[in-house]
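The next block holds one structure in the form of structure tokens; read it before the comments.
The values are calculated or read from the model by the stated rules, or taken from the named source; none is laboratory data. Computed from a predicted model, the values in this text were never measured in an experiment. Every residue, glycine as well, gets a Cβ built from its backbone with ideal geometry; the counts of neighbours run over all protein chains shown. Surface areas here come from the heavy atoms of the whole protein model, side chains and all, with no ligands, DNA or RNA. Shrake-Rupley method; radii C 1.70, N 1.55, O 1.52, S 1.80 Å.
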Amino acid sequence: MSAAHEQETERPQTRDGQAPQARDAEVPDPEPQDGPVRYDRDGPVAVITLNRPEYRNAQNSAMTYALDRAFYRAASDDGVKVVVLAGAGKHFSAGHDIGTPERDAHLPFERRAGLWWDHSDKAGAESRYARESEVYLGMCRRWRELPKPVIASVQGACVAGGLMLAWVCDLIVASDDAFFADPVVRMGIPGVEYFAHPWVMPPRVAREFLFTGDRMSARRAYEVGMVNRVVPRDELSSSTHELALRVAEMPRMGLALAKRAVNQAEDLQGLHTGMDSVFGLHHLAHAHNAETAADPLGGMDIRAMKKGSA
């Protein structure tokens, strides 16, 4: 086969013999810019922004499903090579919504990440396990598999459920004022649902992180390999965008396969099955709290959690 013929066969063709053109995703109902998630595109980079700054970007279900739609939109858009996940305001995310006026854990939503039934008309562990299998563990696994690189741009608080959003990303750029914490052991719970701790940091560091609930600075997170870069706060957006553009220079298929390769290596090291086992322990803790404390959260509210992780 000649070199000319090889080049010809490598060029994709449509039925009319023309090379296909990159096309934008068809999104009949784009997210409103004042909704819980904003979606913007700058050339080959899609920027998805958590948009509840008045609540430190606490994640209710409305935000979770809006985030899922935004990731799906970026995945479908052939013009997008790289995705940036950011948070509006002073903080990336203070975690799951356990006390804002818009908390909606009791409401039904159209399920996207799994086959568990609707939680809203169930009781006890059946309800909680079904919901968290969908909106927490299931959604995070779904987003981790997005076949385009995702870069987290983290400032301020990245706490508990905020960790889960940052950890599903392939790269993390943190501002020098960012801090990380998983204080849910104060609830008697062994860590957040997407239990990636021993994979994103060394096991002994993960133990200290969980046992104390203390904040980890951006610099310390860089030292233990949890984040890729630490930059001044006023340079966070531009530095993240610069990195995204550099990554976007690579071919789309190469990036998708490289991401898949690293994800598979992590899973061979036990990431997927480890999360399954700890998810069961997580719900054992909720059930124990429901029997012995004021509620499945061990009587802890947002003020108590914030005070404990100060």
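Side notes on the structure shown:
- Electrostatic tally near LEU137: other residues with Cβ closer than 9 Å to its Cβ, Lys and Arg +1, Asp and Glu -1, net -3.
- For the stretch 217-310, the solvent-accessible area of protein heavy atoms averages 62 Å² per residue (probe radius 1.4 Å; ligands and nucleic acids excluded).
- Heavy-atom accessible surface of the stretch 32-186, averaged per residue, reaches 36 Å², computed with a 1.4 Å probe.
- Helix 236-248 axis, angle to the chain major axis (alpha carbon atoms, nearest 10°): 40 degrees
- Overall, the accessible surface of the chain at a probe of 1.4 angstrom is composed of carbon and sulfur to the extent of 52 percent.
- Long-range HN-HN contacts of VAL227 with modeled amide H, under 5 Å: TYR222
- With the simple model of a label 7 Å out from the Cα in the direction of the Cβ, VAL262 to GLU110 spans 3.3 nm.
- The magnitude of the dipole of the chain, with charges of +1 and -1 set on the Cβ of Lys/Arg and Asp/Glu and taken from the Cα centre, is near 640 debye.
- Two-decimal Rg to Rh for the stretch 96-220 - Kirkwood Rh, Cα set: 0.98
- For the options GLU266, GLU110, GLU208, a Gaussian network treatment of the chain with springs between C-alpha atoms closer than 10 Å singles out GLU110 as fluctuating the most.
- Sequence-ordered 3J(HN,Hα) estimates for the stretch 264-273 from the Karplus curve with 6.51, -1.76 and 1.60 and θ = phi - 60° stand at 5, 5, 5, 5, 5, 7, x, 4, 5, 5 Hz, glycine and proline given as x.
- Global form of the stretch 100-164, assessed from the alpha-carbon gyration tensor, a/c cut-off 1.5: oblate
- Given (1) 1.03; (2) 0.96; (3) 1.00, the label whose value is Rg/Rh (Cα atoms, Kirkwood Rh) derived from this model: (3)
- Under 5 Å from the amide H of MET201 lies no amide H of any residue 5 or more positions distant or on a separate chain, with H modelled from the backbone and absent for Pro and chain starts.
- When peptides 280-286, 138-144, 100-106 are ranked by their average number of other Cβ atoms within 10 Å per residue, the highest-first order is 138-144, 280-286, 100-106.
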